[in-house]
Amino acid sequence: MRKKYYNDAFIGNEKITCSFTKYGELLRLYYPTPDYRQYFDFFHVGIKVNDSNIIYLHKDVNNSYNQYYEEDSNILHTEIYNSYFKLNVKQTDFTMIDDDVIVKRYAFTNNSDDVERVNFLVHSKMMSSFNNMAGGMLRNDVLFQYCHNYTVAIFSDEDITSSQMNNVNATINSGIIHDKDYISMSSDNAISYDLGNINPGDTRFFNLFICLKNEKNTRSGMMNLVQELKKVDIDIEYTKALNYWKNFLYAHDTLRLKNDGTEYMEKLINIYKRTILFIPFLVNEETAGISATLEVDEERDESGRYSYCWPRDAIMMYS
């Protein structure tokens, strides 16, 4: 597992806690509580433009970034500009309020003078161990990655163009994946979507979903849920999430700090509001445990690996 110390942004709901880098890379995904369990070793998305190799959205020499939250919410925007292809990408990440689903919405805008053909790729590796091995299965345009007790479904409201269930690292850099297998004992799988041609000045939207369920839901039941989720109106879910977090902030903002126009006060208010919005992602509602941080030191490089804070600190944080 890679070291994941630099978690710059967070989204979630009552059961999901998800962290990102300032480049929009999904780092940690906890479900069904903020302290257990983690799912992805890594989750990378990229694009192939015309005949290029894969361009990872979170890491490319030609990419520049701007990241921010929708005001007073846990909806995250990451703006990516690729100077080589003059392609603007806006990545919006949020979780549904009524379902255990992460929504990743993309807007690709072609600012060049040429038509650009874009292929979207997802490369996902589940955490796997000797006692809890993960595998993958492709069915009805849905990538299922599963282990004991839990299943993750990765899908879009569009059809999958190609997939690779085994030996993904051999081909992923080319941006072209292909495989005859639909099921695998490997925890490392990839899928791709053909977004077609984007004309100069045009914008192409694309939606990606990550759905999580526990052992109480059979895979057939989850498939039925996925088919329903493919039909949801993303704008409605976005507005529902936005209103939820705005109401949450208003209900917990007991100080009602006034902005006097100074830079100091503006920063103080932003930190205060962000703290209120962040606290739910640290609290285990079943055990009342409060994590001090999501950046667990798995390899014990700097600490004893634990993420919990002392009870006295928890009381101060949550009082």
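So which pairs qualify, if the first residue must be in the range 264-276 and touching a residue at least 12 places away in the same chain (Cβ under 8 Å), the second must be among the polar types (S, T, N, Q), the Cβ gap must be under 8 Å, and the two must be at least 6 apart or on different chains? Matching pairs, first to second residue: ILE269/ASN259.
Checked against the criteria, ASN140 does not count as polar (S, T, N, Q), assigned by TED's automatic domain parsing to the domain that holds ILE47, farther than 21 Å from CYS18 by Cβ and at pLDDT 95 or above. Among the criteria (1) of a type in the set (D, E, K, R); (2) closer than 19 Å to HIS44 by Cβ; (3) in contact (Cβ under 8 Å) with a residue 24 or more places away in the chain, the one ARG117 does not fulfil is (2).
Please tell me if SER162 is of a type outside the set (D, E, K, R) and more than 30 Å from LYS240 (Cα to Cα).
Yes.
Residue-level analysis places THR151 outside the set of residues that are of a type in the set (Ser, Thr, Tyr), modelled with pLDDT of 95 or more and assigned by TED's automatic domain parsing to the domain that holds CYS18. Comparison of ALA134, ALA190, ALA153 shows that the only residue that is in contact with a Leu (Cβ under 8 Å, 6 or more places away or on another chain), more than 17 Å from ILE47 (Cβ to Cβ) and crowded, with 20+ Cβ neighbours inside 10 Å is ALA153.
For the range 157-176, a residue qualifies if it is over 22 Å from MET127 (Cα atoms) and either assigned to a strand (DSSP E or B) or polar (S, T, N, Q) (or both), and the qualifying residues are THR161, SER162, SER174.
Within the range 126-137, one or more residues are within 15 Å of the chain's Cα centre (by Cα), under 18 Å from MET165 (Cβ atoms) and at pLDDT below 95. For the range 82-104, the count of residues that are farther than 26 Å from GLU228 by Cα, among the small types (Gly, Ala, Ser) and either crowded, with 21+ Cβ neighbours inside 10 Å or touching a residue at least 12 places away in the same chain (Cβ under 8 Å) (or both) is at least one.
The values are calculated or read from the model by the stated rules, or taken from the named source; none is laboratory data. What you see is a predicted model; the values in this text were computed from it and never measured. All Cβ positions, even for glycine, are placed from backbone atoms using ideal geometry, and neighbour counts span all protein chains on display.
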